[in-house]
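Take a look at the structure below.
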Amino acid sequence: MSSLRLHFWSIMGTVIAFVASLWINQEVFTHTSFVRGINWIFLPSGVRLLSTLLVGVDGFLGLLLAGLLTDFLYWFPHDPVRAIAGAILGSAAPYLVYRIAREYYGLRASLTNLTPKRLLVLALAYSVANPLFHHLWFALTDTTENFFQSLFSMFVGDLTGTLIMLYAMKGLLALLPKRPSDSRLTNGMFSIHAALNSAYNNQAAR
């Protein structure tokens with residue numbers, strides 16, 4: 001697969017995964033909302049961190065695009081400033097954690113060198129950074145009430161959603177074959193594994 005096509009599908013895959021996780025979250029956890037946009041369980045947070053851990057800048061761009069789409073069309077259609085700010089902040093926080101993982105953990109696309117303890121550290125880091133970024137902006141624009149309760153609710157929602165998605169994906173990736181075989185299904189899974197590593201290597205070379 002060409003580098004340009006790989007980047008395109010990395011970005012579009014992130015958009016699709018984010019929108020799908022948002023739909024699932026609203027269907028399954030519809031009663032866990034603290035206020036509009038802040039849930040006690042928020043699966044898209046896991047997609048945010050996971051996509052940047054897997055494909056780096058492409059994940060950031062996909063999240064930014066997905067954030068703009070969902071904010072303008074679903075969350076805040078009549079508040080363009082909040083929609084744009086939310087998309088930027090929601091993309092910046094996981095990308096910051098991705099850079100930390102690259103620096104301190106020598107991150108691999110397959111996540112094989114991320115132990116459960118390291119995953120927990122990254123999930124906590126993201127779950128602090130994302131609510132903090134958002135609520136600093138809320139404070140500057142005076143656009144939220146019950147500041148500390150809202151901050152805590154977003155932290156809990158981001159942490160639970162992130163942990164669910166991260167550990168589920170790490171378990172799935174651990175099952176993917178590392179070598180091709182005669183099985184069409186196994187070859188397909190091997191291709192996924194290889195694509196993830198290729199995507200990461202492309203990011204690392206930039």
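The values are calculated or read from the model by the stated rules, or taken from the named source; none is laboratory data. Predicted, not measured: the structure shown is a model, and the values here were computed from it. FYI the Cβ positions are ideal-geometry reconstructions off the backbone, even for glycines, and counts take in every protein chain you see. To get the accessible areas, we keep the full protein, side chains included, count just its heavy atoms, and leave off ligands, DNA and RNA. Shrake-Rupley method; radii C 1.70, N 1.55, O 1.52, S 1.80 Å.
Before moving on, here are some points about what is shown:
Conditions (1) more than 22 Å from residue 20 (Cα to Cα); (2) open to solvent by 20 Å² or more (accessible area, probe 1.4 Å); (3) modelled with pLDDT of 90 or more, marked per residue:
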position	(1), (2), (3)
36	no, yes, no
55	no, no, no
63	no, no, yes
73	no, yes, yes
86	no, no, yes
90	no, no, yes
102	yes, yes, no
119	yes, no, no
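- Flag for residue 155 being assigned to a helix (DSSP H, G or I), open to solvent by 20 Å² or more (accessible area, probe 1.4 Å) and not aliphatic (A, V, I, L, M): yes
- A residue that is touching a His at 6+ places or on another chain (Cβ under 8 Å) and either within 19 Å of residue 135 (Cβ to Cβ) or small (Gly, Ala, Ser) (or both) occurs nowhere in region 49-67.
- When the test is whether a residue is open to solvent by less than 10 Å² (accessible area, probe 1.4 Å) and touching a His at 6+ places or on another chain (Cβ under 8 Å), residue 127 does not pass it.
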